[in-house]
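*Asks:* One structure coming up, written as C-alpha cells, with questions to follow.
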Amino acid sequence: MQRIRFDLKQLGLYAVVCLLSGLLVIGCKKDDSTVAVQQMDAQATEDAAAAIGAAVAVNNGGAFDQVADVMDVAASVGLYGTANRSISSTVSTDSVSKSYDDASGWWTVTIDRQRGNQTGLYYSNYHRVYKYQFLKNDGSFQKYYLVGTDTAYSIKHQIVSGSGTVVTPRVDNKLLSVDGAWTATNTNTPTVTINSTAPYNRTASDTVIWTMRNAQRTLNSSLTLNFANVTGARGSGLNWHKKTSGTVTGTYHATVTFQKGDTYTEKTIDRTFTITLGGVKPVVKIGGLTYLIDAETGEVAAP
C-alpha cells in the first residue's frame, strides 16, 4: 500500500511538470506570434509613411507644394510658374491662369504642372484649382496683394479641387481628389503664418514597391492634414521648405491589396501622425516609429 501511494505521488508530480512544460511552450509560441504581429504592423506603418511622404512632397504636387503657392501669393509678383522652387527637378513646365470676381473679391486660379528629373525616376503631372482673397487690416478685401502702398495683412486660400499622377522609385501615386483651406496671416511681414481653417483632405491610390523585399501592394487611401502655426518666408523661392517651422497633424486610412511578396495582418491601415517642420527634412512620427521625409521627392527613411 505504501508503494502504491508513492507511485501516485510520483505520477501527480509528473503530471504537474508536464502541465507546466506545456504552458511554457504555449507561452513561447504566443510570444513568437506577438513578435510576428508587431513586425507586420511595423511594415504597415512603413507603407503608410511612404504614402504620406509622396502625398506631401513639393515635386509631387503635395501639401508642401500648395503651402509654397500660398507663400507665393503673399508677394507682389503673385502666383506664377515657379519652376525654380525645387532642386532635384530638371524638367519643369507650369501653366497658370487667373480670373477675378469684383463682387466677392475672390481670385480663381487654375494650375497645371509637370515635374521630372533627368534620370526619369521621379515624375509628376498634376492639376489644381485654387481660390484666394486678399484682406486688409480691417478685414475687408482688396484686389491685389499690393494696392498702392497697402499690402494685404492676411490671405484666405482654398484648394477647390485637384488631380494628378506621381511616379517615384517606391510609390506610384494617382490622386483622386483634394480639397482644404488655410488662412495666411502676417502677410505684410517677411514671415507668413499658416493655419488650417478646413482640413486638407486627399484621396489617392498608391502602389508601394519594396524592391529589396520583392513586395508590392496597393493602398487606396484617405489622408487628412491640419496645419498649426506653420511659418515660412513670404515668396517661397528656392529651398523654401528648409526655412519653415510648425506642426502638421493628420490621420491616414487605407485598404490594402497585396500583389506579391510579404503581407501583414492589417488589411486596413489606420494611423495618426505628426509632422514637425524645421531643418533640412521634416520629421514624421507615426505608429510609434520615426521617419525623415525628403520634402522635394517624398522619399522616407529612418533617421
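*Asks:* Name the one entry in Thr251, Thr290 that is of a type in the set (S, T, N, Q), modelled with pLDDT of 95 or more and open to solvent by 60 Å² or more (accessible area, probe 1.4 Å).
*Replies:* On the way: Thr290 fails: open to solvent by 60 Å² or more (accessible area, probe 1.4 Å).
Criteria check complete, one pass: Thr251.
For (1) open to solvent by 40 Å² or more (accessible area, probe 1.4 Å); (2) among the aromatic types (Phe, Trp, Tyr), each residue gets a yes or a no:
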residue: Phe227; (1), (2): no, yes
residue: Gly232; (1), (2): no, no
residue: Phe258; (1), (2): yes, yes
residue: Lys267; (1), (2): yes, no
residue: Leu277; (1), (2): no, no
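*Asks:* Can you find, within segment 142-168, the residue that is farthest from the chain's Cα centre (by Cα) among those that are touching a residue at least 60 places away in the same chain (Cβ under 8 Å) and assigned to a loop (DSSP other than H, G, I, E, B)?
*Replies:* My answer is Tyr144.
*Asks:* How many residues, within segment 169-189, are farther than 14 Å from Val70 by Cα, in contact with a helix residue (DSSP H, G or I) (Cβ under 6 Å, 6 or more places away or on another chain) and part of a strand (DSSP E or B)?
*Replies:* 2
The values are calculated or read from the model by the stated rules, or taken from the named source; none is laboratory data. Quick caveat: nothing in here was measured; it's all calculated off a predicted structure. All Cβ positions, glycine included, derive from the backbone under ideal geometry; neighbour counts span all protein chains shown. These accessible areas exclude ligands, DNA and RNA; they are computed on the full protein's heavy atoms, side chains included. Shrake-Rupley method; radii C 1.70, N 1.55, O 1.52, S 1.80 Å.
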